[in-house]
Amino acid sequence: MSLPTIDLDELQQVVDHDLAYGAVRTALDAIAADAIDMPNESALKLRDGGEIHIKGGRLISQPYIVFKVAAGGFASEGNAGCSILLDAETGAPAILLNDRGWLTEMRTAASGAVAADLLAVDGDLNVAILGTGIQARYQLEALKVRRNLTSVRVWGRSSAKTRALADEVGAVACASIEDAVVDADLVVTTTSATEPILLGHHLRPGMHITAMGSDMAGKRELAAEVLAQADIIAGDDPSHCALVGELQHAPEHLERTVGLALLSANTSTMRRSRADISVADLCGLGAYDAAIACAALAQLQARGLIA
């Protein structure tokens, strides 16, 4: 018997940035309540280019165990992937979500929006996006759903790609990082850098930085002085961030890093002043993949699109 498959076009009928945001908050709540089984991720860096990430888990409230395979960084510059849902009672394969990596983009963008809600200053935001890839676009889309953006500046290593992104999203293309972050309340780094791009002198009081790019050993977007100057550091899973995130390069800050789940469950855990500098080190969790897959399936069933 072939495995029932749900394709990308079907998923895009029911998944939007609001659903993805809710899924990430659900995942964080489950982590805070110790109501999830989540293994360590498996990652493969191919010698001739490309990356494979396998993440997953099971929210105890859900009837499925979810494993996501995501591929990126290949010569085509496109992303790919799928999720397999296993029956939580038997372990047998139940459903394949052939999302081509789209659900990963959506939940990653949602985690950035959650971090901004929890840590960026209240009110309208001036935003700087460092990076010009697919996730730069998704981060901006997810932010626009949650917050009013007074200005958006973008920077990337390729001036042509920077101009293209700026034209596409209605932002200002910047020739330097200094120009991009000059008045930013929120800086989102979305690159595959292995050397720091955001430095200590780029910071200003009240700035929040969400670092999205470091999700594998060796990647790095933030200089050591950025974490040193931060009044607040959060990680979606601090111990995981210490292995593959920004904290792998600054383990001395692990002890003072708060988990995003704790912060989401109890915002009074970490109160910030308008002058505080904060950093969110986000590597992506299998809990997010499990939550968004189950939320998408529930929506499809509720609308009668699948049995």
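The values are calculated or read from the model by the stated rules, or taken from the named source; none is laboratory data. Here the structure is a predicted model, which is why all the values come from computation and not from measurement. Neighbour counts are summed over all protein chains in view; Cβ atoms, including those assigned to glycine, are modelled from backbone coordinates with ideal geometry. Note: areas computed on protein heavy atoms with side chains; ligands, DNA, RNA excluded. Shrake-Rupley method; radii C 1.70, N 1.55, O 1.52, S 1.80 Å.
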Check: With the radius of gyration and the Kirkwood radius both derived from the Cα set of the chain, what is their ratio Rg to Rh?
Finding: 0.96
Check: Whole-Hz Karplus ³J(HN,Hα) for segment 155-160, in order, using 6.51 cos²θ - 1.76 cosθ + 1.60 and θ = phi - 60°, x for Gly and Pro?
Finding: 9, x, 5, 8, 5, 5
Next item on the list: Hey, can you grab everything whose amide H is under 5 Å from the amide H of Ile95? Only 5+ residues off in sequence or another chain; H modelled, so Pro and N-termini drop out.
Entry: Leu85
Next item on the list: List, in order, the whole-Hz ³J(HN,Hα) value for each residue of segment 189-197 obtained from phi through the Karplus relation with A = 6.51, B = -1.76, C = 1.60 and θ = phi - 60°; use x for Gly and Pro.
Entry: 9, 9, 10, 9, 4, 10, 10, x, 10
Notebook entry, point to check: Counting only protein heavy atoms and using a 1.4 Å probe, what share of the accessible area of the chain belongs to carbon plus sulfur, as a whole percent?
Noted result: 50
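Starting from the residue with the highest accessible area, list Glu246, Glu41, Glu195, Glu178 in decreasing order, probe 1.4 Å. Can you show the working numbers first?
Numbers: Glu246 0, Glu41 45, Glu195 125, Glu178 85 Å².
Ranked list, largest accessible area first: Glu195, Glu178, Glu41, Glu246.
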Checklist line | Relative packing of peptides 221-228, 299-306, 120-127 - highest average C-beta neighbours within 10 Å first | finding: 221-228, 120-127, 299-306
Next item on the list: Could you list which residues have their amide H under 5 Å from that of Asp16, counting only those 5 or more apart in sequence or on another chain, with H placed in the peptide plane?
Entry: none
Checklist line | segment 160-231, dipole about Cα centre (Lys/Arg Cβ +1, Asp/Glu Cβ -1), debye to the nearest 20 | finding: 180
Checklist line | Pairs of Cα atoms farther than 12 Å apart, segment 91-137, % | finding: 74
Check: Among the trypsin sites (Lys or Arg not before Pro) within segment 1-80, which fall in a DSSP loop and have no more than 12 other Cβ atoms within 10 Å of their own Cβ?
Finding: Arg47
Item checked: Charge sum, other residues only, whose C-beta stays under 14 Å from Cys294's C-beta, Lys/Arg counted +1 and Asp/Glu -1 -> -1
Next item on the list: Can you check how the C-alpha radius of gyration of segment 1-114 compares to 2.2 N^0.38 Å, as a plain ratio?
Entry: 1.10
Next item on the list: On each of the three principal axes of the Cα atoms of segment 17-77, give max minus min coordinate, whole Å, ordered largest first.
Entry: 41, 26, 19
Next item on the list: Would you grab the residues whose amide H sits under 5 Å from the one on Arg153? Only those 5+ places off in sequence or on another chain, please, with H modelled 1.01 Å from N.
Entry: Val127, Ala128, Ile129, Val172
Next item on the list: Kindly report the accessible area of the chain per residue (heavy atoms of protein chains, probe 1.4 Å, no ligands, DNA or RNA), in Å².
Entry: 42
